[in-house]
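Q: Pasting a structure here, questions to come.
The values are calculated or read from the model by the stated rules, or taken from the named source; none is laboratory data. Keep in mind that this is a model prediction, so the values were computed, not measured. Ideal geometry is used to build each Cβ from the backbone, glycine not excepted, and the neighbour counts take in all protein chains shown.
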């Protein structure tokens with residue numbers, strides 16, 4: 001049976017952390033204020049425009065807060081160093097081992113290393129806890145997926161606009177005057 005020593009952060013279970021939105025340690029009130037400012041600037045109308053402005057907010061926020069990824073890298077390095085200094089078995093690297101393989105002494109060494117890391121790193125320990133979303137690789141993966149989805153959405157929008165354009169042409173009254181057909185002319 002597998003045992004997980006590192007609990008998965010609750011927000012991950014519900015996709016609360018995204019590499020393109022807020023990560024632990026970032027100011028949610030500042031992000032909300034920034035998002036509201038963009039809404040005021042662009043005044044989106046409708047769900048699609050609101051989604052576009054939300055994307056702009058998330059991506060711009062991420063660009064302005066790239067240092068969070070560097071902080072996460074440094075926290076992970078320190079975490080690994082603490083584990084190494086405490087003598088944590090490399091099998092514990094991913095936090096998952098088989099119960100039958102766990103030596104009680106090794107388990108205590110692991111727990112002591114994790115406790116020290118939590119104390120030393122404080123709130124930024126959460127960046128280690130959430131894993132890939134707090135890594136540049138996670139950001140790149142998410143941006144790649146977003147780019148593909150945006151491409152597909154753009155294609156659909158172009159099709160929709162084209163169909164609407166065709167419909168508006170066929171429904172609009174013609175602006176070209178229709179020639180009047182008169183009856184046969186009588187000679188005079």
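Q: Within the range 70-79, can you find the residues that are crowded, with 20+ Cβ neighbours inside 10 Å and either out of contact with any helix residue (DSSP H, G or I) (no Cβ under 7 Å at 6 or more places or on another chain) or farther than 10 Å from residue 128 by Cα (or both)?
A: None; the set is empty.
Q: Only residues that are under 16 Å from residue 21 (Cβ atoms) and surrounded by fewer than 17 Cβ atoms within 10 Å (Cβ to Cβ): list them for the range 128-143, please.
A: Passing the criteria: 132, 136, 140, 141, 143.
Q: Are any residues in the range 6-33 at pLDDT 50 or above, under 15 Å from the mean Cα position of the chain (by Cα) and within 17 Å of residue 123 (Cβ to Cβ), and if so, which ones?
A: Result: 16, 17, 22, 23, 24, 26, 28, 31.
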